[in-house]
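Coordinate-derived values only; no laboratory data. Computed from a predicted structure; not experimentally measured. Cβ sites come from the backbone with ideal geometry, for glycine too, and all protein chains shown count toward neighbours.
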Amino acid sequence: MLRLIATSLCLRCQRVPALPLNLRPCVTLSSAENQQTVEALYDLSVDVQKVRKLKGWVLHQTPAYTKEVADLLRDMGASGSIIARILVVHPESVLCPPQQVQAQRELWMSVCPNQRELVGIIEKFPASFFTSSSHHDSQRDNIKYFQSLNLNKRIVTKLMASAPQSFSRPVEQNQLMVQTLQQAYQELGGEEANMRVWLQKLLSQNPFVLLKPPEVLRQNLLFLRDWGFSTAELLRLLSKLRGFVTELNPDSMQRTLEFSQDTMGCSEDELRDIVLSCPALLYYPEEILSERFRGLLSAGISMPQIIETPTVLELTTQIVNYRIQRLSAHRYDVRTGSLQALNGTKKDFEMSCGKLQLRRERPLFNPVAPLKGDD
């Protein structure tokens, strides 16, 4: 919590000494609230009581620029209700000087298609926009670097919004990680012509991959190679995992793979095929996998069925049980049918149920069709 607050405050705010979370309320309540801030927030229809409850310390700071920040947001096209939502979620924004907000506006507009989209980003990620002015140079340098990679502007904007830490640090650190990813892609046989698109997808799926040490990626790829995955299979995993391979470590993958192999009673070759079909299997610790195996088996599903459709392990036991009941209502028995019927997003599953319902309701013959008779 304190780390998020510290990174999102403007430079002026950061001069206030950081206090332990359990001591902050006592300190802030000992001084009077800034009445100008409180009144300005009320005028903007902001839920001041909610601000007091969640981030009351903001109301004690001087100076504050509530009206100025609201005017800048309004000038960008933000409605009154959007401004109120931004200020109640991230009241620290009122502590940022107008010139700093204006500088951020110009910076973001260098990659954002229009001000309307920028307002939408600020509404979802206010802490990413209202950041310290001390990060401005790093942000600008990182924007130039990612643009030099010919990445889509929307990808760069998404990176700035969802992983602002990667833009607040020296550009050299991001360069090192990107070069590591590109090198791994090429060494595993990836085609140069497809590398830009591949990198865009990877960063879009997991912006936080930039914050990981490059050594983690190398260690994980070496571990998977030792487990028998071929170069082509490693490229498939790296592409499917969209960079999440950096979230793992050899020890956790070792435990997961050994547990999965023992539970399913499969060979190493079969296990590699299962992982290639369901890369997410690598993420789950033994406790979660154990619970999901028990849930599936107790529902009457056999182990061979699970091995044939391992992606069913991505679903929680609660979701599996709910979907089994829904399918049963449509006279579909997962114990004898394919487990593919359980898979997919909520939308995909509802569409499958709709098709089963239509199949049940479809008449065996058309009652209004003319009967064939003798001519």
Report summary line: Per-residue ellipticity at 222 nm attributable to helices in the chain (runs of n ≥ 4 DSSP H, -39500 (n - 2.57) apiece, nearest 500 deg cm²/dmol) works out to -18000 deg cm²/dmol
Report summary line: PRE zone check, label point 7 Å out along Cα-to-Cβ of Gln36, amide N under 19 Å, scope segment 69-113, hits 69-73, 91-102
Query raised in the report: Helix 195-205 sits at what angle to the longest principal axis of the chain, using alpha carbons and giving 0 to 90 degrees rounded to 10?
Result: 80
Query raised in the report: On a 0 to 90 degree scale, rounded to 10, what angle separates helix 171-187 from the longest Cα axis of the chain?
Result: 20
Report summary line: Given 161-173, 346-358, the highest-first ranking by average Cβ count within 10 Å works out to 161-173, 346-358
Report summary line: Between the Cα axis of helix 346-361 and the main Cα principal axis of the chain, the angle (0 to 90°, nearest 10) is 40
Requested in this report: May I ask for the net charge around Gln35, where only other residues with Cβ less than 15 Å from the Cβ of Gln35 are counted and Lys, Arg are +1 while Asp, Glu are -1?
Outcome: -1
Query raised in the report: Rounded to the nearest whole Å³, what is the per residue volume of the convex hull around the Cα atoms of segment 160-274?
Result: 104
Query - Stokes-Einstein D in µm²/s, Kirkwood radius over Cα pairs - segment 44-187 at 20 °C with 1.002 mPa s viscosity - result: 132
Query raised in the report: Along the charge dipole of the chain, Cβ charges K/R +1 and D/E -1, which of Pro285, Gln49, Ser132 sits furthest on the positive end?
Result: Gln49
Query - Positive dipole terminus of the chain, leading residue within Gln115, Pro310, Val334 (C-beta point charges) - result: Gln115
Report task. Take the Cα radius of gyration of segment 209-318 and divide it by 2.2 N^0.38 Å, with N its residue count; two decimals is plenty. Result -> 1.06
Query - Farthest toward positive dipole pole in the chain [+1 Lys/Arg, -1 Asp/Glu at C-beta], among Phe208, Gln165, Ala103 - result: Ala103
Report summary line: Residue-ordered couplings for segment 273-285, obtained by feeding phi - 60° into the Karplus form 6.51 cos²θ - 1.76 cosθ + 1.60 and rounding to whole Hz (Gly and Pro as x), are 4, 5, 5, 5, 6, 9, x, 4, 4, 5, 7, 7, x
Report summary line: Mean Cβ-within-10 Å packing, highest first, puts peptides 332-345, 79-92 in the order 79-92, 332-345
Query raised in the report: When the dipole is taken about the Cα centre of the chain, and only Lys, Arg (+1) and Asp, Glu (-1) are charged at their Cβ, what size is it in debye, to the nearest 20?
Result: 1020
Query - Cα pair count fraction exceeding 29 Å, expressed as % - the chain - result: 60
